Amino acid sequence: MDHEKMKNIIAEATWKIISEQGIHHATSRTIAKEAGLSQGALRHYFSKQESLLAFAMELVKEKVLTRLRNLNAKGLAPQERIVEYLLELVPTDEQTLLEMEVWFAFVTYGKTQKGFDANYEDLQSAIRNCIMYLKNEGLLRTTDEEKEHEKLYAFMNGMALNLYLEPHKINRTRSKEMIQDYIHWIIR
């Protein structure tokens, strides 16, 4: 099997362990078992636990970035583009809920484990880029981009956390409507 494909399978097994048992149960033994590998085989792909966890976290980011790149190829109008872009940052189905759950676990883990950087600044940059895009398109109502960035960041974090905590409320259409309402409020 392709080396990168196997690393992705191991990372997704890590996600499953984190989702079902918590990040502190994501040991080489439990991950190897979930991935159907021996611990020795697992070590062939990831010699250290930290490198496995870092790869699993980066895979979450990569999945989101892939969906965002696919949106860029659609040639959407600016307002619709931002709504669809932001919709990719909240859980809207089982897969994105799993990604969000694992992401929150990594962020929390990074706050307590020295040397493990969850680098959630990427999310802040993504939100800032949305505001700057709206500004550059002449759509942003205010001239205080920093304040709009903070407000949109808080809105998106709140929505993501709410859907994570209450997954029965996950409804892509409803989430899209909420984001549309918010964006409508900040544009001309």
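Read-outs throughout are calculated quantities, based only on the coordinates presented, and are distinct from any laboratory measurement. Note that the coordinates shown come from a computational prediction; the quantities given were computed from them, not determined experimentally. Here the Cβ positions follow ideal geometry from the backbone for every residue, glycine too, while neighbour counts run over all protein chains shown.
Data table
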{"item": "Those residues of the range 92-117 which are over 23 Å from Ile170 (Cβ atoms) and not hydroxyl-bearing (Ser, Thr, Tyr), in sequence order", "result": "Gly110, Lys111, Gln113, Lys114, Gly115, Phe116, Asp117"}
{"item": "Test: Thr173 is hydroxyl-bearing (Ser, Thr, Tyr), surrounded by fewer than 14 Cβ atoms within 10 Å (Cβ to Cβ) and part of a helix (DSSP H, G or I)", "result": "yes"}
{"item": "Neighbours by Cβ (under 8 Å, 6+ apart or cross-chain): first from the range 96-109, at positive phi; second buried (at least 22 other Cβ atoms within 10 Å of the Cβ) and among the hydroxyl-bearing types (Ser, Thr, Tyr)", "result": "none"}
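Rundown of residues vs (1) in contact with a Leu (Cβ under 8 Å, 6 or more places away or on another chain); (2) farther than 30 Å from Glu137 by Cα; (3) aliphatic (A, V, I, L, M), yes/no style:
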residue	(1), (2), (3)
Ile9	no, yes, yes
Ser19	yes, yes, no
Glu62	no, no, no
Lys74	no, no, no
Glu80	no, no, no
Val83	no, no, yes
Glu94	no, yes, no
Trp103	no, yes, no
Val107	no, yes, yes
